[in-house]
Amino acid sequence: MIINTYFSHESKQQSILGFTLIELLVVIGIIAVLAALLLPVLAKAKDRANKIACMNNLHEIGLGLNIYAGENGDKVPSETDGVTAWPWDMPWDAGNLVLSAVGGSPKIFYCPSTAPRFTDWQNWQEPGNGNSLWNYSTGSTHITGYVFAFWGKQSLLYWTNQNLTMNREQTMTFQTPTGRYQENGPVVGTSDRVIGADTVLSAAGTMPGYTHNNNYVNITGGFKQNGVIYPHLSNHVDPKSGIPEGQNLLYKDGHANWQNFNLAILRGAAESSGTSPSGGYPFFWW
């Protein structure tokens, strides 16, 4: 008997390599289930990495601030020009000195959690006056991604949160529009006094902040790059709720820690009187 071995071999090969529609649907279903399980894990891993990178940034900035203070009579970069009033404003020369003290890149002044709205290009990479936050006003002001509790004539922080030095000092309880201040509050040590923090700001100031959506993600601002306006955005915002998860805090002694947002309170508004914001300026929290 003669058998067509070629035909039999080809049929067998087709049987081995082929997939039925049901088999393909099963494979696709398994892939979808695995993706659903893995995506939240990957998102949490990215969030955790952002928090660690952010804390490392603040450690570097804290080191730079202490070096700066050591060379300037223990004083912080006070905002005396009436221009650098927002807590994320850094006087131009002081910002450059802090950066050079740690030999770093301007990248350390920006939290990675605000991407993709604010990337390195918006934060510091694009050259030219006014073309990035770091070069917001050449010779006058850097805008950073963190808030600093420096004293200033026009500071938007409440007086009790402002600092003159990197040492233990009394808190301020009074300040006039001309910049006179009085330090007669309690003395706070360097390990307990916040000098910098992740930026958390909002359009409204209803407390407690963690139970109210005060608009933490689309606050009107003045930064414009290549004709595109970029609204202000808080760091470490939960994408589901639109409310910050918390923030890293930097203390005078150089250490930093994470604080959940349910512990944050209002630290500043549009006026140093500490009452309510005017002119559409935001509230600041830590």
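All conditions but one from (1) surrounded by 15 or more Cβ atoms within 10 Å (Cβ to Cβ); (2) touching a residue at least 60 places away in the same chain (Cβ under 8 Å); (3) of a type in the set (S, T, N, Q) apply to Ser191; the one that does not is (1). Looking across the range 29-71, just one residue is in contact with a His (Cβ under 9 Å, 6 or more places away or on another chain) and of a type in the set (Asp, Glu), and that is Asp47. For the range 224-238, a residue qualifies if it is farther than 12 Å from Pro282 by Cβ and surrounded by fewer than 19 Cβ atoms within 10 Å (Cβ to Cβ), and the qualifying residues are Lys224, Gln225, Asn226, Gly227, Val228, Ile229, Tyr230, Val237, Asp238. Would a scan of the range 137-148 turn up a residue that is over 25 Å from Ile61 (Cβ atoms), hydroxyl-bearing (Ser, Thr, Tyr) and assigned to a loop (DSSP other than H, G, I, E, B)? The answer is no, given that none of the residues of the range 137-148 is over 25 Å from Ile61 (Cβ atoms), hydroxyl-bearing (Ser, Thr, Tyr) and assigned to a loop (DSSP other than H, G, I, E, B). Take Ala115 and decide whether it is out of contact with any strand residue (DSSP E or B) (no Cβ under 6 Å at 6 or more places or on another chain) and farther than 18 Å from Ser140 by Cβ. Considered against the rule, which asks whether it is out of contact with any strand residue (DSSP E or B) (no Cβ under 6 Å at 6 or more places or on another chain) and farther than 18 Å from Ser140 by Cβ, Ala115 comes out as yes.
Here's the yes/no breakdown for (1) under 15 Å from the mean Cα position of the chain (by Cα); (2) modelled with pLDDT of 90 or more; (3) not aliphatic (A, V, I, L, M):
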site	(1), (2), (3)
Leu133	yes, yes, no
Thr144	yes, yes, yes
Gly185	no, no, yes
Gly196	yes, yes, yes
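Of all the residues in the range 209-232, those that are closer than 24 Å to Asn131 by Cα and either basic (Lys, Arg) or more than 17 Å from the chain's Cα centre (by Cα) (or both) number 7. Contact map, the range 126-139: residues that are in contact (Cβ under 8 Å) with a residue 12 or more places away in the chain paired with residues that are among the charged types (D, E, K, R) and buried (at least 16 other Cβ atoms within 10 Å of the Cβ), Cβ distance under 6 Å, separation 6+ or inter-chain. Pairs shown: Ser132/Glu126. Going by the structure shown, is Gly221 without any contact (Cβ under 8 Å) to a residue 12 or more places away in the chain, of a type outside the set (A, V, I, L, M), farther than 20 Å from Tyr158 by Cβ and surrounded by 13 or more Cβ atoms within 10 Å (Cβ to Cβ)? Criteria met by Gly221. Condition first: surrounded by 14 or more Cβ atoms within 10 Å (Cβ to Cβ) and part of a loop (DSSP other than H, G, I, E, B). Now tell me which residues in the range 90-104 satisfy that. Gly104, the sole residue that qualifies.
The values are calculated or read from the model by the stated rules, or taken from the named source; none is laboratory data. Note that the structure is a prediction, hence the values are computed from the model and not measured. Quick reminder, even Gly has a Cβ in these numbers, built from the backbone with ideal geometry, and neighbours come from all protein chains shown.
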